[in-house]
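Just so you know, all these numbers are worked out from the coordinates, no wet-lab data involved. Since we're looking at a predicted model, the values are computed, not measured. Counting neighbours? That spans all protein chains shown, and the Cβs are built from the backbone with ideal geometry, glycine included.
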C-alpha cells in the first residue's frame, strides 16, 4: 500500500462500504487492485438490476460528498461489482493510518515500473454514511445482506468434507439422501431466480410448499449440534476427550448436515425476500418484510454457526492432539477393530474430513514458538511439548513460560526418611511440565502429557496468592520455586544446569499476578473462634484457633 499523487494513467475506483465488510465498486476493479486491497468478489446474485441502478445513484452521491474531487466523476458511472473486504483491509480502515488519507477517503494504489497503474478510494462505513445509505437504499440492502449470508454458508458447505463410508453409516445414508435432495431443489430455484432476476409464481409455490420440511431439517441438525456443545460444556477434561473420540463420526456428520440445511434454508429465505422485494414497490409492508427476513435469517445463521464453530474446533483440536501422540494408537470409536493400523488410518481420515471445514470456520493457529522464558535442562527438546500445547491453548492465549522441573530422586527421598540411600532405587522420579500463559498455569506429568496429551492442573492466573524463590539452591544444587494459590501449594525444583535467570524470570511472571481479593483478606482477618476463657488451663487451646 502506497501513498502517492494521482496520475492521468490511473483512473481511480471508488469503493463504498454499504455494510460492515461489504463494499460496492463504482468503477472497474482491476485484479491487481483487488489483490492489493484484499477484495473478495461477491456475485450480485439476487440483487436485481433495478436495485443496482438505485444503489449506484445513491452511492455516487455519497461518494462525491466523501471524496470531493472532480477527477472522480467518471467513477460514478455505475455499480460495477460487490466485494467482501478482508479483515486486513478493514483493519486498515479502522486504524486510519495504513491507507493514505486523501479528500476524506482512504487511498490504495498498485505501482508498476515506478508509476501508479491502479488505485481506489475506499470510503469506510460511518454512522452518518450508514444512515444515509440505509435511507436511500432501504430493502435493496436487505437483499445484499441475504446474498452475503447465502454466499457465506454455501462456501462453508462446499469445504470438501469427505463423507466417506467411515462417516456415512447405513442409517445415515437415508438422512443424507433426503437432505441433499432438498438442498438441490432450493439450489435450482435460486439459480433460476438469478437468471430471471425474479421469482415466478410457479417457482415460488413449489418452494413455499417445502417450508416445513426445510425448517424441520434445519432444526434437527441445529438441535444435534447444540446437544453436542452442551455435553462438552458439562464434562471435565477427560470426559470431554472420551465424548469427542466416541462421537467423532456423528459430530462430523451433524456439523456438515447443519451447514447444508442452513444453506437450503437461507436460499429459501432469499427467494422469499426477493418475492417480497418485488411486491414492496407497491406495498410498504412487503418492503418492510425484506428487513425482517434479513434480521431473522442473520440471527439464525449466527447462532448456528457459533455452535458449529465451537463443536468442530473442539473435535479438530482433539484429533490434532491424537496425531501428535505416539502413545495413542487407537480410538474408542475403533474398539471393535482389531487392526491397529486400520484404527490409526481412520483417525487420520477423520481429521482430513473435518479439517477443511474447521479451517474455514476458524483459521488454524500458527505453530507455537518457544516462549521467552524456558526453565529446563539445556538438552531439552521443547518441540515435542510445543506441538501438543499448540492445540491445548485457547484462542488468543499467549504462552509466556515453559518449564520442566526435576523432582528429588527416589533414593534421595529415602535418604531423608531413613538416613540411608538405596542405590538400586536411586532413579529419577517423573518430571512435571509447567506452562504459564497470560491466563493460566498448566501442569502435567511429562510422560502422561507426551503420551496422552493430558493436563493434571489448570489454575487460573488470578488465583496466585504468593510466590517464593529462595536465592540459594537446595542440597542437590536445584533451584526452587514455591507457588501458593487459593487452593494449593506447589513446589517445583529445576535442574542444576537450568539458568538462574530463567528461574528468576518464571518467578517474576508468576509474581505479577500475586493478589489477595478483598473477600479473602477479610476472611483471613476474621477470628476463627471465641477467645479462650479466663482461667483456662495452660495447656488448653480454644477450638478453631490457629
Review point. Taking 0.36 nm per intervening residue step and subtracting the Cα-Cα distance, what contour gain separates residue 286 from residue 19 on full extension?
Key: 93.9 nm
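Once you have the Cα-Cα distance between residue 250 and residue 50, take 0.36 nm times their residue separation minus that, and quote the gain in nm to one decimal.
Gain on stretching residue 250 to residue 50: 67.4 nm.
Multiply the residue gap between residue 462 and residue 474 by 0.36 nm, knock off their C-alpha separation, and tell me the result in nm, one decimal place.
Difference between extended and current length: 1.4 nm.
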Check your understanding: Does a label point 7 Å from the Cα of residue 295, set along Cα-to-beta-carbon, have any residues of segment 139-158 with amide nitrogen under 17 Å, and which are they?
Key -> 139-146
Check your understanding: How would you classify segment 186-337 from its alpha-carbon gyration tensor, with a ≥ b ≥ c the square roots of the eigenvalues: rounded for a/c under 1.5, else prolate if a/b is greater than b/c, otherwise oblate?
Key -> prolate
Exercise for review: Measure off 7 Å from each Cα along the Cα-to-Cβ vector at residue 447 and residue 512, then give the distance between these two points in nanometres to one decimal.
Suggested key: 3.5 nm
Study note, to complete from the structure: Scaled by the rule-of-thumb 2.2 N^0.38 Å, the alpha carbon Rg for segment 436-503 gives a ratio of 1.22
**Study point:** Rounded FRET efficiency, nearest 0.05, which uses the C-beta distance separating residue 381 from residue 197 and R0 of 51 Å
**Key:** 0.25
Practice item. For each of 148, 55, count neighbouring Cβ atoms within 10 Å of the residue's Cβ, then give the residues from fewest to most. Key: 148, 55
Revision key, fill the gap. Simple spin-label estimate for residue 180/residue 438, 7 Å along Cα→Cβ, in nm, reads 4.5 nm
